[in-house]
1. Looking at (1) surrounded by fewer than 18 Cβ atoms within 10 Å (Cβ to Cβ); (2) modelled with pLDDT of 95 or more, can you tell me which one GLN23 breaks?
2. Please pick out the residue among ALA201, ALA219, ALA195, ALA239 that is buried (at least 24 other Cβ atoms within 10 Å of the Cβ) and over 29 Å from GLU291 (Cβ atoms).
3. Regarding region 155-169, can at least one residue be identified that is surrounded by 24 or more Cβ atoms within 10 Å (Cβ to Cβ), of a type outside the set (Lys, Arg) and more than 24 Å from ILE102 (Cα to Cα)?
4. Restricting to region 270-288, name every residue that is out of contact with any strand residue (DSSP E or B) (no Cβ under 9 Å at 6 or more places or on another chain), of a type outside the set (S, T, N, Q) and either touching a residue at least 40 places away in the same chain (Cβ under 8 Å) or buried (at least 17 other Cβ atoms within 10 Å of the Cβ) (or both).
5. Provide a single number: the residues in region 262-289 that are in a loop (DSSP other than H, G, I, E, B), within 22 Å of the chain's Cα centre (by Cα) and not aliphatic (A, V, I, L, M).
6. Considering every residue within region 46-55, establish whether at least one is more than 30 Å from LYS191 (Cβ to Cβ), hydrophobic (A, V, I, L, M, F, W, C) and not in a loop (DSSP other than H, G, I, E, B).
Amino acid sequence: MKLPAQVKLVDVGPRDGLQNEKQPVSAEVKIGLVHRLQDAGLKEIEVTSFVSPKWVPQMADNAEVMHGIVRKPGVLYSVLTPNMKGFEAAIAAPRDEWPDEIVVFGAASEAFSQKNINCSIAESIERFAPVVEAARAKGIAVRGAMSCTVGCPYEGEIAPAKVGYLAQLMKGIGVQRVDVADTIGVGTPRKVQAAMEATLAHFDVDAISGHFHDTYGQALVNTLAALELGVWNFQSSSAGLGGCPYAKGATGNVATEDVVYMLHGMGIATGIDLDKLIDAGVYISEALGREPNSRASKAIRTKRAG
């Protein structure tokens, strides 16, 4: 089976990775993480979230972070904007501080949608439609995050048909590309492929990314399963940061370091300098007062020390 020759990774650490941290992380540290990630060769970075600070206090410094980043040509900077208020806040700054892409998020599970954003899947799409329209009118790209595509903490296993339904709705409101996310990390290769195939009925393979959590240690094999379908865009988090506040016990996103180590070992190009990436993970982990949650990072740093 012919695998993609290259892969583009979206590091979601600054946003998805940090949003649930209880201890405050300064804007300066977040900006420092973004700079280190882009210096390591990341071409897509999910920077922050324009949501109510009442719900996500960690992201209250969103405008300050966007203002402080020294942008690199060729790097795409995305932000989460779940509603019009968030989108308007994201473009309140001067034009050169606008995000290149906004992210709206929906769930393939009705129960998760209700628990997470207090509305049905159909209602969530109605809510996103004006946001998508407004962004595209201003030349800002739109990505749709599809959560719980293989399993839900409330509904259990999710049928591929539900994933296809959500993908179709996203496509219908003008979303340009989507993430197929295993939010609670329960997916296994065949289930992930089924979710991907349901999405491929509505989006081209170039417009799909995989987003896998490592709760059951399946994130890397699920990445490989998606690669086998030709998917070449994946989301991961520096130092394995992040979890999901609505999914009890869900560990973080797969570590970017581990994905890069695997891909490079398979001869798949990423354009990422693994040593610099490891240093970025150490930087943010030290700021949080803990070790990076990446096996590749630990192994390579042990080797360095030896």
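The values are calculated or read from the model by the stated rules, or taken from the named source; none is laboratory data. In this text, all values refer to a predicted model and were calculated from it rather than measured experimentally. Neighbour counts are summed over all protein chains in view; Cβ atoms, including those assigned to glycine, are modelled from backbone coordinates with ideal geometry.
1. (2)
2. Values: ALA201 fails: buried (at least 24 other Cβ atoms within 10 Å of the Cβ); ALA219 fails: over 29 Å from GLU291 (Cβ atoms); ALA239 fails: over 29 Å from GLU291 (Cβ atoms).
After applying the criteria, what remains is ALA195.
3. yes
4. Selection gives ASP273, LEU274, LYS276, ILE278, ASP279, VAL282, TYR283, ILE284, ALA287, LEU288.
5. Residues that pass the stated criteria total 3.
6. Checked against the condition, which is being more than 30 Å from LYS191 (Cβ to Cβ), hydrophobic (A, V, I, L, M, F, W, C) and not in a loop (DSSP other than H, G, I, E, B), region 46-55 yields at least one hit.
Okay, residues lined up against (1) over 30 Å from GLY267 (Cα atoms); (2) at pLDDT 95 or above:
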{"residue": "LYS2", "(1), (2)": "no, no"}
{"residue": "ASP11", "(1), (2)": "no, yes"}
{"residue": "VAL34", "(1), (2)": "no, yes"}
{"residue": "PRO82", "(1), (2)": "yes, no"}
